[in-house]
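The values are calculated or read from the model by the stated rules, or taken from the named source; none is laboratory data. Not measured: the values here are computed from a predicted model. Don't worry about glycine lacking a Cβ; one is built from the backbone with ideal geometry, like all the others, and counts go over all protein chains shown.
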Amino acid sequence: MVKWQEELTNVQKKQKKRLLETVIELVKEKGYANVSVRDICRTAEVSSGSFYHHYPSKEALVLDAYYHIDQYVTKEFIEKCEKQPPRDSIRSLLGLYLKLIDEEIGLLVKEYYRVMLEGMNISALDPHRPYYQALCAQAERGIQDGSFRGECEAKEIAEYFMRFLRSEIFDWAIHGGEYNLVAQFVKDYEWALRGIAASEER
């Protein structure tokens, strides 16, 4: 790659970063319906041509903002997880997701689910996503050390926790974000692992 192509790639990365940060902030401030592509471009100081180079629509930008989580699944974070018992490492992965929702994405998550339900996006369940792969790896560790039931496959456990995660986020969103998402997750996660039936009924 020649030097001018490297510089262009860096510019594009910076543009996308500004667009992602801007849509999150504007939606928090004005509400999704009141934010236009023009508003986003003006605030981010990015031309409309550049916007449409990166995204075909405002909805596509919303989806990308949600996938922002994958950049936090770093080698260092995975190494930290590997030092924890599998149940704790999965809690760390799920907690990372919810912390991002709580601190950055906010109720923009409502629009993410709306777009999903309209069928625009199919990559949310992409098994190649770094986040999903990390969950599978920790689930496999749990199977190997006896933390999780042996008849389960790592993929099944990862998908179970992804469903659990979506239910946590959806409930928080329909309640208007009125309770502490991360604190509620910590409680619910323990219930999800232990179950709520009395021991003699399990």
Exercise. Go through the stretch 58-80 and give me each residue that's more than 12 Å from the chain's Cα centre (by Cα) and acidic (Asp, Glu).
Key: GLU59, GLU76, GLU79
Quiz item: Tell me, which residue of the stretch 9-29 that is more than 19 Å from TYR66 (Cβ to Cβ) and loosely packed, with under 13 Cβ neighbours inside 10 Å is nearest to the chain's Cα centre (by Cα)?
Solution: LYS14
Quiz item: What do you reckon, is ILE69 within 20 Å of PHE164 (Cβ to Cβ) and assigned to a helix (DSSP H, G or I)?
Solution: yes
Practice problem: Spot the failing condition for SER57; the list is (1) more than 20 Å from LEU108 (Cα to Cα); (2) without any contact (Cβ under 8 Å) to a residue 40 or more places away in the chain; (3) of a type in the set (S, T, N, Q), and only one is missed. | Solution: (1)
Quiz prompt | Qualifying positions in the stretch 93-103 - farther than 15 Å from TYR132 by Cα, surrounded by 14 or more Cβ atoms within 10 Å (Cβ to Cβ) and of a type outside the set (Lys, Arg) | solution = LEU100, ILE101, ASP102
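Quickly run through the stretch 15-29 and pick out the residues that are in contact (Cβ under 8 Å) with a residue 40 or more places away in the chain and closer than 12 Å to GLU45 by Cα.
To start, the set of residues in the stretch 15-29 that are in contact (Cβ under 8 Å) with a residue 40 or more places away in the chain comprises 16, 19-20, 23-24, 27-28.
The answer is LYS16, LEU19.
Kindly indicate whether LEU98 is aliphatic (A, V, I, L, M) and closer than 20 Å to GLU190 by Cα.
Details: aliphatic (A, V, I, L, M): yes; closer than 20 Å to GLU190 by Cα: yes.
Taking the combined requirement at face value, the residue satisfies it.
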Exercise. Being of a type in the set (Ser, Thr, Tyr), closer than 19 Å to LEU98 by Cβ and either in the same structural domain as GLN12 (by TED's automatic domain parsing) or exposed (fewer than 15 other Cβ atoms within 10 Å of the Cβ) (or both) is the filter here, so list the residues in the stretch 41-81 that pass it.
Key: TYR72, THR74
Self-check item: Test result for GLY142, out of contact with any helix residue (DSSP H, G or I) (no Cβ under 7 Å at 6 or more places or on another chain), small (Gly, Ala, Ser) and modelled with pLDDT of 80 or more
Solution: no
Exercise. Can you confirm whether the stretch 115-134 contains a residue that is modelled with pLDDT of 90 or more and farther than 26 Å from VAL23 by Cβ?
Key: yes
Quiz prompt | Verdict on ILE90 being farther than 25 Å from GLU59 by Cβ, surrounded by fewer than 19 Cβ atoms within 10 Å (Cβ to Cβ) and either in contact (Cβ under 8 Å) with a residue 24 or more places away in the chain or not aromatic (Phe, Trp, Tyr) (or both) | solution = no
